[in-house]
Amino acid sequence: MLTRSPLIRRLSNLAVAGAAMLAVLAPAGVASASGNAAVAKKSQVTVAEKDTKAASAVKLRKLYDWRFHVKPNNAKYIGRPWKPSEPMAELKKCFNCTFPVKNAPKKYPKENQLIKLKACASGPFGCKNAPVRFHSKGMKNGWYFIAQKGHFDGAGSKVYFQFYNEKNTGYLMLHVWGYVAKPSVPDSVNKSFARGKWQDFNHKMGVKMHCKHSSQC
């Protein structure tokens with residue numbers, strides 16, 4: 001058998017050592033990348049959690065609480081016995097087809113999605129920035145918005161929307177109630193604007209539902 005020279009033996013040993021080192025470092029690199037991804041994901045969750053906690057910590061007061069019969073025509077109908085899941089299905093097909101606030105998305109919002117709404121009305125109200133985050137967890141046939149920094153109601157303010165059937169009649173109802181933190185407009189103006197918008201939303205949904213159940217549209 002031929003014997004290897006000292007130089008060849010040394011180079012061979014270095015190659016073996018290098019291969020061993022790569023075998024050790026490769027899993028560490030993969031683990032590091034996985035760790036970075038986990039940190040990024042955790043960071044995203046933390047933002048949502050902080051946002052919710054900050055809203056919960058705000059001192060709120062109820063500004064309004066209204067219930068509307070969802071119907072296409074006030075003179076012709078007292079109410080209509082539609083299912084609460086039906087208007088939600090229409091909103092999931094097209095959100096801003098009935099929701100009347102400027103910059104509302106066409107696609108149904110995702111949980112914690114930031115929506116840069118703009119509330120516009122004639123008279124002293126004008127146009128106001130109304131950025132919100134969308135939430136629906138814990139809500140059946142409804143959702144709620146949490147106001148963000150720059151909202152005219154004050155960051156942390158909330159407004160809820162929920163469809164349900166009236167207990168005695170079975171008529172479809174829209175329940176809207178809102179809480180404010182530090183609004184920048186007078187309550188009377190704020191309530192007047194909100195009622196007009198939510199009545200408009202209710203009417204548009206009533207027409208949409210009527211067309212779904214009737215061939216007259």
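Laid out as a table, the results:
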read-out: K140 paired with K118, simple spin-label distance in nm, labels 7 Å along Cα-to-beta-carbon; value: 3.9 nm
read-out: Efficiency of FRET from Cβ geometry, C94 and K149, R₀ 30 Å, rounded to 0.05; value: 0.55
read-out: Entries of K116/K191; K110/K167; K102/K204 with Cα pairs more than 24 Å apart; value: K110/K167
read-out: Carbon/sulfur fraction of accessible area - the stretch 68-147, other protein chains in place, 1.4 Å, %; value: 51 percent
read-out: Chain lengthening between R195 and C211 when straightened (0.36 nm per residue, less Cα-Cα); value: 3.3 nm
read-out: R0 of 35 Å, Cβ-Cβ distance K182-R67: FRET efficiency to nearest 0.05; value: 0.85
read-out: Local electrostatic count at Y160 - Lys and Arg +1, Asp and Glu -1, tallied over other residues with Cβ under 14 Å; value: +4
read-out: Charge context of N96, other residues only, Cβ under 10 angstrom, K/R +1, D/E -1; value: +3
read-out: For G156, distant residues with modelled amide H under 5 Å away; value: A147, Q148
read-out: Nitroxide proxy distance, nm - points 7 Å out along Cα→Cβ at K110 and C127; value: 2.8 nm
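The values are calculated or read from the model by the stated rules, or taken from the named source; none is laboratory data. This structure is a prediction, so every number in the text was calculated from the model and none was measured. Counting neighbours? That spans all protein chains shown, and the Cβs are built from the backbone with ideal geometry, glycine included. The accessibility values were calculated without ligands, DNA or RNA, using every heavy atom of the protein model including side chains. Shrake-Rupley method; radii C 1.70, N 1.55, O 1.52, S 1.80 Å.
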